[in-house]
Structures are given as structure tokens and as C-alpha cells.
Amino acid sequence: MTILVTGGAGFIGGNFVLDWCVDSTETVVNLDKLTYAGNLDTLSGLQNNPQHVFVKGDIGDKALLAKLLAQYQPRAVVNFAAESHVDRSIHGPGDFIETNIVGTFNLLEAVRAYWTDLEATKKAEFRFLHVSTDEVYGTLSGTDEPFAETNRYEPNSPYSASKAASDHLVRAWHHTYGLPVVTTNCSNNYGPYHFPEKLIPLVILNALAGKPLPIYGDGQQIRDWLYVKDHCSAIRRVLAQGRLGETYNVGGWNEMANLDVVHAICALLDELKPRADGAKYVEQITYVTDRPGHDRRYAIDARKLEQELGWKPAETFESGIRKTVQWYLDSHDWIANVTSGSYREWTDKQYGGQA
Ligand code: NAD
Ligand code: DAU
């Protein structure tokens with residue numbers, strides 16, 4: 001048996017593929033365009049593992065998809081491929097429309113053509129799992145209930161709007177064509193192999209480099225953090241047991257203000273890698289210009305996934321963030337490769353000398 005994963009050289013897809021090759025004996029075909037966010041170093045441990053087949057390519061390339069689907073006959077497709085960074089979507093939304101909307105459309109069409117011709121048993125067993133985000137629901141006030149699957153879609157950034165559009169396409173391909181889909185909407189992930197444009201890895205690496213730790217606005221925005229390997233276990237559970245056409249929210253019941261997250265990282269670094277000058281890492285915190293349209297609070301109600309499918313996260317924020325900080329302290333080569341060249345151009349553009 002084989003599954004096709006898209007975007008499996010990125011942060012979550014990479015962790016998913018690595019875990020899949022430990023948990024399962026099934027082959028995983030990994031289609032990834034290798035944008036700035038795709039990184040084969042993440043998958044270097046699988047280099048001589050025949051269970052993993054890497055293909056460089058675009059989810060928008062229907063001819064390539066048709067070829068791969070015919071060749072490998074996967075029993076499922078798990079779609080991670082996306083442009084994923086809110087700040088980049090503000091600077092340049094075009095790639096988000098192209099990959100997240102048009103790319104998902106082309107992928108759905110290629111998969112529909114393949115699925116339509118499958119014989120009855122394989123057709124019934126086939127799954128298309130679409131990996132999405134809690135940002136499609138918009139923003140919460142401090143007193144609102146966490147996002148449930150029944151919340152209205154109210155996306156606020158070009159990124160979240162493009163993900164919302166892709167979720168709607170996936171839903172429509174089920175409703176209209178009967179394609180056997182499930183969608184997951186997850187909160188903020190953190191953990192190993194996270195590209196350092198996102199808050200947690202950026203703060204760890206800037207702290208160690210003696211650079212400012214940039215806090216947007218007042219730092220009181222709230223996110224609901226989930227260790228990436230818990231997200232991956234939720235996806236495996238939904239793939240195996242999720243009801244067709246359903247959406248499942250995934251989260252860790254772990255709401256924290258950004259400033260508290262940064263303080264927690266600083267405290268861990270003070271313990272694990274104290275500054276040479278004896279000062280504390282929190283002294284590097286710098287308040288910078290806020291993100292335009294910045295969503296104030298995300299929080300996930302993950303009861304449906306827990307009650308229907310029995311999934312629960314294994315890590316608390318305390319255990320997960322300690323593992324994460326330790327991983328960045330230990331992973332010099334991976335970090336050196338991702339922080340060269342184009343990464344520096346991005347930080348100059350985004351922080352313009354503020355961090
Ligand atoms: P990422 O940016 O780290 O990785 C995205 C991967 O997709 C990269 O390897 C990139 O090369 C690949 N890719 C981009 N465009 C492609 C295309 N057109 N064709 C093929 N491959 C392409 O993203 P991530 O953080 O790992 O997120 C993965 C998925 O999970 C995304 O769909 C994202 O919306 C969703 N998600 C992310 C989070 C989070 O906190 N990071 C939370 C919830 C949901
Ligand atoms: O909620 C799920 C989403 O989480 C995913 O769909 C996205 O793909 C993922 O990137 C993430 O989006 P966020 O915008 O919440 O993540 P980010 O790490 O960029 O920012 C987290 C919070 O920290 C957010 O409130 C913005 C703030 N921030 C971020 C950066 C990069 C800062 O204060 N300073 C920074 O330098």
C-alpha cells in the first residue's frame with residue numbers, strides 16, 4: 001500500500017513523513033515543489049530508505065500528478081502543500097492564490113480523475129485528507145468560545161483567505177462529485193524542522209545569535225500551540241477513522257500570549273545555554289511594528305476529534321517547548337543551511353533593521 005503526501009519537505013509534512021516511516025510499513029510518495037520552505041535536509045535520514053520516494057514537483061502540475069497517481073496507485077492523498085506564512089502573504093499574495101487555491105483545484109481534479117476509475121473496493125477505501133488551519137475562522141475576542149467546526153469562515157489575511165478557499169473547494173468536490181475527503185483545521189504548530197520565519201524558531205535563533213527578539217504590537221495576541229508530532233498523530237487518526245466529508249479541529253488546549261511564549265523560550269535558554277555575558281535573554285526583546293490586520297486570538301475546541309476518534313495530544317507546552325529548544329541547540333547543520341542567502345533577504349524585508 002502507498003500514500004501520496006504533498007508538501008512533505010516542509011515543516012509539518014516533513015515531520016509527518018518521518019513519523020510515517022517509523023509508524024507504518026506503507027510507502028510514502030512525497031511530492032514537493034521545494035520552495036524556500038521545502039528542505040531536503042529535513043528528510044536526510046530517509047535517504048537510503050526505499051519506503052520514501054521523493055518527487056520534486058508542483059501540485060498545480062496535472063500531468064505530473066496523473067503520472068504519479070497512475071504509477072503508484074496510492075490509497076490516500078494527504079495535502080500539506082501550501083504557502084504558509086501570513087507575513088509573506090501580506091507582502092505578496094500572488095503565490096498564495098496560485099498554490100493554495102489554483103494548486104488545490106488542480107490537485108483535486110487530478111485525484112478525482114484517478115479515483116473515478118478505481119475499482120469499487122479501492123474507490124470506497126480511498127481518502128483525500130486536506131490539511132488546513134484554524135485561521136479560516138478569523139479572530140476571537142478574549143471572552144469568545146474557542147473555534148468549533150460549526151463556526152463561520154471569516155478569514156482575515158491573504159493566507160487565511162486562500163486556505164479558506166481551498167477548504168471550500170475540497171468540500172465541494174465531496175458534495176458534488178462524491179470524492180471521499182476529510183479536512184483538518186489545526187492551530188499553531190511548533191517543534192523540530194520549523195522554518196525560522198515563524199515566531200518560535202525565529203526567537204530561538206535570534207536569541208542565540210544575540211539579535212533582537214521582535215514582538216509585533218503589544219505581544220498580547222493569543223495562539224493555541226500544538227507540538228507538531230501531535231498534529232501528525234491527529235492526521236493519522238483522521239485518515240484512518242475520520243468520517244467522510246467531515247472537518248476536524250485539531251488543537252492542544254494551550255492558549256498563550258506571544259509575550260509569554262517568548263518569555264518561556266528565554267527562560268529555557270537561560271537554563272540550557274546561558275548567555276556568555278551573564279545577562280538574561282529577555283533583555284533582547286524588542287517591540288516592532290505590528291502585523292497589518294493581526295488576528296488577536298485563536299483557540300481551538302478539539303472535542304469532536306477527542307470524542308469521535310479518541311485523539312489527545314501527548315505533549316504539554318512545557319514538555320514540547322523544551323524538546324524544541326533542545327532540538328535547535330543540537331541541529332547546527334540544519335540551521336546553517338536554512339539561514340543562509342534568501343532567508344537573510346526575507347528578514348531584512350520584514351523587519352527592516354528593527355530586528
Ligand atoms: P511549510 O511552509 O513549512 O511547508 C510547505 C511545503 O509545501 C514546503 O515544503 C513547500 O516546498 C511545499 N510547497 C509549496 N508550494 C507547493 C506547490 N505548489 N507544490 C508542491 N509543494 C509545494 O508549511 P507547514 O507549516 O509545514 O504547513 C503545512 C500545511 O499545514 C499547510 O497547508 C498549512 O496551511 C497547514 N497548517 C500549518 C500550521 C502551522 O502552524 N505551521 C498550522 C495549521 C495548518
Ligand atoms: O494558526 C495556525 C497558523 O499558525 C498556520 O495556519 C500558519 O501556517 C502558521 O504560520 C501560524 O500562523 P501565525 O501567523 O499565527 O504564526 P507566526 O509564527 O507567524 O506568528 C505567531 C504569532 O507571533 C502571531 O501573533 C504573530 C507574532 N509574531 C510573529 C513573528 C514572526 C511576532 O510577534 N513577531 C514575529 O517576528
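The values are calculated or read from the model by the stated rules, or taken from the named source; none is laboratory data. Small disclaimer: the values here were computed from a predicted structure and weren't measured. Don't worry about glycine lacking a Cβ; one is built from the backbone with ideal geometry, like all the others, and counts go over all protein chains shown. For accessibility, only protein heavy atoms count, side chains too; no ligands or nucleic acids. Shrake-Rupley method; radii C 1.70, N 1.55, O 1.52, S 1.80 Å.
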What accessible area per residue, rounded to a whole number of Å², is obtained for the chain using a probe radius of 1.4 Å?
42
Among ILE235, VAL262, ALA279, whose Cα lies farthest out toward the positive end of the dipole of segment 199-309, if unit charges sit on the beta carbon of Lys, Arg (+1) and Asp, Glu (-1)?
ILE235
Helix 342-351 versus the longest principal axis of the chain: what angle, 0 to 90°, nearest 10, using Cα atoms?
60
Normalised by the residues of the chain, what does the relative contact order come to in percent, with Cα pairs under 8 Å and at least six apart?
17
Using a 1.4 Å probe over the heavy atoms of the protein chains, calculate the carbon and sulfur portion of the accessible area of the chain as a whole percent.
50
Estimated dipole of segment 251-309 in Debye, rounded to 20 [Cβ of Lys and Arg +1, of Asp and Glu -1, Cα centre]
100
Considering only DSSP beta bridges whose two residues both sit in the chain, what percent are antiparallel, to the nearest 5?
10
Dipole of segment 142-214 (Lys/Arg Cβ +1, Asp/Glu Cβ -1, origin at the Cα centre): which of ILE200, ALA161, VAL181 lies farthest to the positive side?
ILE200
Output needed for the chain: three equivalent-ellipsoid semi-axes, defined as square roots of 5 times the C-alpha gyration tensor eigenvalues, in descending order, whole Å.
33, 22, 19
Inter-part gap, Cα centre of segment 215-230 to Cα centre of segment 320-348, in whole angstrom, is 18
Hey, got the dipole for segment 221-355? About the Cα centre, +1 on K and R Cβ, -1 on D and E Cβ, debye to the nearest 20?
320
For segment 199-355, how big is Rg over Rh, using alpha carbon atoms and the Kirkwood form of Rh?
1.01
Tell me the angle of helix 228-241 to the major Cα principal axis of the chain, expressed in degrees between 0 and 90 and rounded to the nearest ten.
20
With the 8 Å Cα cutoff and a minimum separation of six or more residues, segment 66-215 has a relative contact order in percent of 27
Cα principal axis extents for segment 7-135, largest first, Å:
46, 33, 28
Using unit Cβ charges (K, R positive; D, E negative) and no other charged atoms, how large, in debye to the nearest 20, is the dipole of segment 119-216 about its Cα centre?
300
With contacts defined as alpha carbon pairs under 8 Å and 6 or more residues apart, what's the relative contact order of segment 161-224 in percent?
21
Ranked from highest to lowest mean number of other Cβ atoms within 10 Å per residue, what is the order of the peptides 77-90, 236-249, 274-287?
77-90, 236-249, 274-287
